[in-house]
Amino acid sequence: MIPNFIHTYVSVDCVVFGFDNENRLNILLVQRHFENTPDEQHRKLPGSLIMNNEDVDDAAQRVLTELTGIKKMVLKQFKCFADPNRANEKDVKWMDKEYNHHIDRIITVAYLSLCKIDRKINSSKYETVDWFPIDKVPDLPFDHNQIIKESLIEIRKWIESDFTIIFELLPKKFTIRQLYQLYSAISEKYIDIKNFHKKISSFNYIIQLDEIETNVAHRAARYYSFDQKIYKKNNTKLIK
């Protein structure tokens with residue numbers, strides 16, 4: 001008896017997080033065009049089929065470079081999505097046009113990446129690339145909404161195991177309130193800000209700068225920076 005093995009294609013999809021000046025987590029989405037009609041435009045996660053000569057990690061890095069123009073970004077593989085029904089009829093038609101080949105089933109390897117939201121996005125592949133607050137992400141094709149949902153779970157685990165990656169989302173100089181709001185947004189933990197500030201003050205890898213905020217409606221806060229070399233020596237988690 002011949003086993004009913006699948007004949008399929010493999011892709012990578014990248015969930016890129018950013019943190020905006022309104023202290024919200026954002027996701028970077030691109031626009032796909034369907035049937036050359038202006039009304040048939042849909043947002044999606046950036047992704048691509050894997051080429052014959054590529055490792056999946058290389059493919060994910062290529063997608064990020066084509067998406068942002070940035071050659072080196074923090075990147076982490078977190079899950080494979082292989083539901084036989086993850087592509088509906090409309091998605092299959094879009095793949096037929098995009099790749100000039102009939103693909104009725106596709107498995108994707110999902111990656112998580114972090115990008116400072118104030119960095120210039122210089123995409124070589126997509127005409128439209130936009131940041132969307134995590135709570136305003138529209139309905140996406142395939143199972144991209146599910147991928148984003150599971151990426152949030154993954155980024156929380158990531159930060160708990162390696163706190164240093166949180167600084168990939170913050171500006172080079174930041175306030176303690178910004179750090180607090182970002183950590184709270186990702187972890188979904190309630191943390192008393194006074195206790196948080198006290199704990200932060202005990203970490204010598206978070207350096208107090210001789211600068212304060214300007215042109216703000218509230219009381220101006222002092223800026224801080226992250227010293228990666230000191231952090232690596234300490235290797236201390238922020239919150240236990």
Listed residues Tyr205, Tyr126, Tyr9 arranged by accessible area, highest first, probe 1.4 Å = Tyr9, Tyr126, Tyr205
Hey, what's the Kirkwood Rh for the chain if you take every pair of different alpha carbons, in angstrom?
-> 19.8
What does the highest-first list of 22-33, 46-57, 213-224 look like by mean Cβ count within 10 Å?
-> 22-33, 46-57, 213-224
Rounded to 5, the percent of DSSP beta bridges in the chain classed as antiparallel | 75
Determine which lysines satisfy two conditions relative to Lys233: a Cα distance under 19 Å, and not lying fewer than 8 residues away in the same chain.
-> Lys199
For the pair Asp192 and Lys233, the simple spin-label estimate (label points 7 Å beyond Cα toward Cβ) gives in nm 3.2
Per residue accessible area of the chain, 1.4 Å probe, in Å² = 58
For the range 124-228, what's the relative contact order in percent, using C-alpha pairs closer than 8 Å and at least 6 residues apart?
-> 23
If you place +1 on the Cβ of every Lys and Arg, -1 on the Cβ of every Asp and Glu, and leave all else neutral, what size is the dipole of the chain about its Cα centre, to the nearest 20 Debye?
-> 1360
Per-residue accessible area, 1.4 Å probe, largest first, puts Arg86, Arg177 in the order Arg177, Arg86
The range 180-218 to the range 117-146: how many Å between their Cα centroids?
-> 28
Gain in span if fully extended, Arg62 to Asp118, counting 0.36 nm per residue against the direct Cα distance = 18.0 nm
Determine which residues of the range 159-186 fall in the zone a paramagnetic label at Thr214 would reach in this model, i.e. backbone nitrogen under 16 Å from the point 7 Å along Cα→Cβ.
-> 173-174
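The values are calculated or read from the model by the stated rules, or taken from the named source; none is laboratory data. Since the model is a prediction, treat every value here as computed from it, not as a measurement. Methodologically, a virtual Cβ is constructed for each residue, glycine included, from the backbone with ideal geometry; neighbour enumeration extends over all protein chains shown. These area figures cover heavy atoms from the full protein model, side chains too; ligands, DNA and RNA do not enter into them. Shrake-Rupley method; radii C 1.70, N 1.55, O 1.52, S 1.80 Å.
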